[in-house]
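Asks: Can you read through this structure? Questions will come right after.
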Amino acid sequence: MSFPSGAAETLTLMQIAGREDLLSPIIQLLWILFLMLFILYPNFSQKLQLSYILRDLERKLYNLKRIREEVRSRTVETLRKYSEGNTDLERELDKMILSFAITPESMDPYGIVYKLEHIVNIWEDTFEENVRRLCPKAEEEKAKTLTNLVEVARGIDYLYRVVRHYYLLGKRTANIYIVLQIQMLMPQLMEIAEAYRQACYAFMQGQPVGDGVGALAAAKLVEGLEKKTYEVAKDTIVHELVMDGRNLFVLRAVGPGGAVGKPADGIIKIIEKEGDRVKAIVMVDAALKLEGEDTGKVVEGIGAAIGGIGVDKFKIEEIAKKYNIPLYALIIYESISEAITPMRESIAKAADEVVERVKNIIKDKVEEGFSVIVAGIGNTVGIGLS
Amino acid sequence: MLPSSREKQILNPLTFLRCLGCSTINSRPFKEGDYVFGEVEEKCPKCGGDRMKIVGIYVKEPEQREGKKQKTL
Ligand SMILES: [Zn+2]
């Protein structure tokens with residue numbers, strides 16, 4: 001490099017330039033080293049990404065853990081209110097939270113639905129029995145809601161353990177593909193975790209949840225009318241009445257405790273009693289909306305509108321086929337978190353719309369003198385008998 | 001997020017009560033033990049009757065639907 005000589009500015013310039021002369025080889029060397037890192041160590045960028053993802057996962061996992069602890073301590077607190085004080089509640093709760101049911105072998109699927117039903121029934125009964133044993137002070141309806149509460153605690157605990165599993169597995173094996181998958185799911189999982197947290201408060205206090213809209217609509221359909229009410233299956237009641245000349249059997253789980261009942265068993269019993277007089281089954285249930293759809297929108301369709309593990313759906317479809325009874329479905333759109341958190345206004349308002357639409361379906365599809373079954377599906381926490 | 005800000009996010013539903021005397025509907029925050037179709041002994045602010053029926057329990061949503069609808073696809 002050459003510099004014009006003489007002026008004072010040039011001197012300064014030279015000084016800087018001189019320093020640059022010293023600095024540039026160092027920078028160049030650093031650059032080369034940096035590039036060599038990528039050449040000699042091709043996984044470098046991946047390692048960098050992995051550690052970044054792991055840090056992100058760790059933070060979310062920590063939040064998840066906090067939600068789980070919160071739900072767990074609220075559950076213990078609530079159970080304690082109804083217990084006798086001498087039981088080790090935390091230990092007993094952990095036992096329930098970690099309990100599991102083994103699904104039947106599906107290598108030969110013949111008759112699997114009834115096997116599954118058998119196993120799930122035992123599991124649910126054991127769960128409920130345990131809660132009753134722990135909380136002798138809770139009356140019938142409250143015990144059912146407490147069972148739901150323990151199920152919520154179990155749900156969030158399981159979610160936490162699964163996420164932790166993938167985090168630790170990915171970390172131990174330094175496998176970016178494992179951590180990537182769980183990281184991609186994390187936003188939705190965190191949303192579900194938050195919903196569990198809200199659900200815990202709802203069940204603690206016995207507030208109606210979004211999932212209960214089917215039962216609420218069934219209750220509103222018969223509200224204030226003269227009817228005969230009796231239990232038709234476990235935790236399931238039926239209101240028998242005459243409306244516009246048609247015999248109406250309105251079925252729902254018994255409230256205001258948290259229960260979903262056994263709608264299929266109820267429907268089967270009614271059909272076996274009524275026989276060919278049943279001309280339609282109308283099912284009302286909350287259903288998962290697609291993103292962008294309005295919560296509380298009521299949509300009509302055909303089929304057995306019922307969620308769960310599929311046992312009830314199977315049994316209802318089977319009996320409907322046997323007697324050749326059409327199945328009409330009315331569903332109320334809501335998101336997964338809206339289903340387990342306190343009921344929103346738009347969902348509660350949808351119940352009134354459902355009542356009108358059920359009445360229209362009955363008028364359209366069932367002639368006078370015949371029978372129709374209306375089944376309101378959903379958890380009846382906070383929804384009493386009308 | 002601090003625990004205090006998280007607490008605030010808990011959805012607190014309102015209980016809507018209909019007076020059995022004058023049929024006026026009024027609301028108050030949910031209390032444990034409330035359930036839809038249940039009857040409670042509470043004073044009606046309008047006629048002074050003391051029996052009310054719970055007609056609804058839900059979380060009130062903010063009324064900004066119209067503006068929101070225009071923006072959604
Ligand atoms: Zn009044």
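The values are calculated or read from the model by the stated rules, or taken from the named source; none is laboratory data. What you are looking at is a predicted structure, and each value in this text was computed from that prediction instead of being measured. Neighbour counts are summed over all protein chains in view; Cβ atoms, including those assigned to glycine, are modelled from backbone coordinates with ideal geometry. These accessible areas exclude ligands, DNA and RNA; they are computed on the full protein's heavy atoms, side chains included. Shrake-Rupley method; radii C 1.70, N 1.55, O 1.52, S 1.80 Å.
Asks: Helix A:311-323 against the longest principal axis of chain A: what's the angle in degrees, Cα atoms only, rounded to the nearest 10?
Replies: Helix A:311-323 sits at roughly 40 degrees to that axis.
Asks: Right, something else. Output the 0 to 90 degree angle, nearest 10, between the alpha-carbon long axis of helix A:345-365 and the longest principal axis computed from the alpha carbons of chain A.
Replies: For A:345-365 against chain A, the angle is about 40 degrees.
Asks: Quick one: which residues, 5+ away or cross-chain, put their amide H under 5 Å from the amide H of B:K60? H built at 1.01 Å from N.
Replies: Distant-sequence amide H within range of B:K60: B:L14.
Asks: Counting partner chain Cβ atoms within 10 Å of every residue's Cβ in A:340-350, what's the average?
Replies: Working: counts 0, 4, 9, 7, 6, 9, 4, 3, 9, 3, 0.
Per-residue shielding by partner chains comes out at 5.
Asks: Here's something else I'd like to know. Search the structure for amide H atoms under 5 Å from the amide H of A:A329, placed 1.01 Å from N in the peptide plane, and list their residues when 5 or more places away or on another chain.
Replies: Residues meeting the amide H criterion: A:M283, A:G301, A:I302, A:G303.
Asks: Report for the stretch A:210-376 the percent antiparallel among DSSP-assigned beta bridges with both residues inside it, nearest 5.
Replies: Working: 18 of 37 bridges.
Once the DSSP bridges in the stretch A:210-376 are tallied, antiparallel ones form about 50 percent.
Asks: Determine ³J(HN,Hα), in whole Hz, for all residues of the stretch A:141-149 in sequence, where each value follows from phi through the Karplus function 6.51 cos²θ - 1.76 cosθ + 1.60 and θ = phi - 60°; x replaces Gly and Pro.
Replies: 5, 5, 4, 5, 5, 5, 4, 4, 4
Asks: Can you give the local net charge around A:D312? Use residues other than it whose beta-carbon is closer than 14 angstrom to its beta-carbon, Lys and Arg +1, Asp and Glu -1. Each step should come with its number before you reach the end.
Replies: Numbers: positive: A:K234, A:R252, A:K262, A:K269, A:K313, A:K315; negative: A:E117, A:E124, A:D235, A:D265, A:D285, A:E317, A:E318.
Taking every Cβ under 14 Å from that of A:D312, the sum is -1.
Asks: So, one more: Roughly what % of DSSP beta bridges within the stretch B:14-61 run antiparallel, to the nearest 5? Write out the running numbers ahead of the final one.
Replies: Working: 14 of 14 bridges.
If we restrict to bridges inside the stretch B:14-61, about 100 percent are antiparallel.
Asks: Still on this structure: Just how much of A:K279 is accessible, in Å², when a 1.4 Å probe is used and the result is rounded to the nearest 10?
Replies: Taking all protein chains as shown, A:K279 has close to 80 Å².
Asks: Once the Cα atoms of helix A:112-134 and of chain A are each reduced to a long axis, what angle between those two axes, in degrees from 0 to 90 to the nearest 10, is obtained?
Replies: 90
Asks: Okay, next question. For the protein assembly as shown, which cysteines have no second Cys with its Cβ under 4.7 Å from theirs?
Replies: When partners are defined as cysteine Cβ atoms under 4.7 Å apart, the protein assembly as shown leaves A:C135, A:C200 without one.
Asks: Could I ask something else about it? Taking amide hydrogens as modeled 1.01 Å from N in the peptide plane, which residues meet the under 5 Å criterion relative to A:I383, leaving out close sequence neighbours?
Replies: Here B:V36 satisfy the definition.
Asks: Interface B/A, total buried accessible area with a 1.4 Å probe, nearest 100 Å²?
Replies: Working: alone 6270 and 21150 Å², together 24960 Å².
Counting both chains, the buried surface is close to 2500 Å².
Asks: Output wanted: per-residue J couplings in Hz (rounded whole) for the stretch B:52-62, from phi through Karplus 6.51 cos²θ - 1.76 cosθ + 1.60, θ = phi - 60°, x for Gly and Pro.
Replies: 10, 10, 7, 9, x, 9, 7, 8, 5, 9, x
Asks: Sticking with this one: With θ set to phi - 60°, apply the Karplus curve 6.51 cos²θ - 1.76 cosθ + 1.60 along the stretch B:31-40 and write out the HN-Hα couplings as whole Hz, x wherever there is a Gly or Pro.
Replies: Once rounded to whole Hz, the list reads 10, 4, x, 5, 8, 4, 6, x, 9, 10.
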